[in-house]
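A short reminder: the numbers here are calculations on the coordinates, not readings from a lab. All of these numbers come straight from a predicted model, not from anything done at the bench. Positions of Cβ are generated from backbone atoms using ideal geometry, with glycine treated the same way; all protein chains shown enter the neighbour counts.
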C-alpha cells in the first residue's frame with residue numbers, strides 16, 4: 001500500500017491507498033518541533049484505530065511546505081518503515097506537467113500535486129483555488145502546463161490579523177456565512193467582511209485571470225474552507241477535496257518514480 005502525506009503550515013493530511021483506492025485518510029495539526037519517534041507513535045495510533053498495520057506500507061510520497069518536517073518524516077520512513085520516501089518537487093512532474101514559472105523550483109509542493117490531480121481528472125484549462133493557510137490560485141493551460149498563479153493571505157491569517165491589530169474587535173465564528181452582506185452589528189459586520197469579502201476577492205481574481213487567458217477555464221476549489229466560500233462565489237464551479245492526496249498518488253505511481 002501507498003502512504004501519502006501532505007504537510008501544510010496549519011494541517012497535515014495523511015492518506016493510505018491500496019492501488020488507486022483511498023482506504024483511509026486523516027487531517028491532523030502540523031507540529032513543527034516533534035521528532036521521528038513522536039510521529040511514529042502518532043502514526044501507529046492512527047493506523048491501529050482503523051485496523052491497518054504500518055507494515056503494509058510499501059511506498060511513501062510526501063509533499064511539504066514546512067522545511068522542518070523533512071528531517072522528521074524522512075527519519076520516520078527510514079527508521080520505522082525501512083523505506084525511502086519520494087519528496088515531491090518540480091522535477092517530480094517535469095514529464096507529466098511542464099512548469100512555466102520563471103523559476104520552477106519556487107512552486108510549492110502542495111500546488112504541484114493539486115495541479116497534477118486536477119488536470120488528470122478534468123483534462124481542460126483550470127484555475128485551482130486552494131483555501132489553506134494561504135489562498136492560492138493556480139492556472140493550468142488546456143495542454144496541461146502549469147502557467148502560474150497568485151498567492152493571497154488565507155481566510156484564517158487575515159482574520160487573525162484583524163483580531164490582533166484591532167483591539168476593540170472580538171474573535172468571531174467564521175465557519176458559517178451571515179445571511180446578509182450588510183451587517184447590523186459588529187459581529188455580523190466582521191463575519192460579512194471576512195467571509196463575503198473573501199468570496200468577492202476570489203470572484204474578482206478569477207475574472208481578472210480570465211481576461212489574461214485566451215482559452216476557457218474550469219474553476220475548482222479545494223481546502224478546508226472551500227465549501228463555505230464556494231457557496232457564496234459566483235465563479236467556483238466545483239469543490240474537490242481529494243486533489244492533494246490524489247495528486248500524490250498519481251506522481252508516486254509514475255513509471256520513473258522508484259520510492
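Listing for the model above:
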item	result
Virtual spin-label span in nm between residue 237 and residue 87, 7 Å along Cα→Cβ	3.7 nm
Computed label-point distance, nm, for sites residue 211 and residue 37 using a 7 Å Cα→Cβ extension	5.8 nm
Region 78-124-region 1-40 distance, computed between alpha-carbon centres (Å)	17 Å
Of 188, 154, 75, the one that fluctuates the most in a GNM where the chain has Cα springs shorter than 10 Å	188
Peptide ranges 86-92, 36-42, 142-148 listed from the most packed, as the mean C-beta count within 10 angstrom indicates	86-92, 142-148, 36-42
Length-normalised contact order of the chain in % [C-alpha pairs under 8 Å, at least 6 apart]	19 percent
Extension reserve of the residue 145-residue 173 stretch, reckoned as 0.36 nm per residue once the Cα distance is removed	6.2 nm
For the chain, calculated [θ]222 nm from helices alone, where every DSSP H run of n ≥ 4 adds -39500 (n - 2.57)	-9500 deg cm²/dmol
Sorted peptide list for 28-34, 112-118, criterion being average Cβ within 10 angstrom, highest first	112-118, 28-34
Mean Cα-pair separation over length for region 111-243, i.e. relative contact order, pairs under 8 Å, 6 or more apart, %	25 percent
Contour excess over end-to-end distance, with Cα ends at residue 163 and residue 102 and 0.36 nm allotted per residue	18.3 nm
10 Å-binned pair-distance histogram of region 32-121 (Cα, whole percent)	15, 40, 31, 14, 1
Among 99-106, 20-27, the order from most to least packed when residues are scored by Cβ within 10 Å on average	20-27, 99-106
Among beta bridges that DSSP assigns inside the chain, antiparallel share in %, nearest 5	60 percent
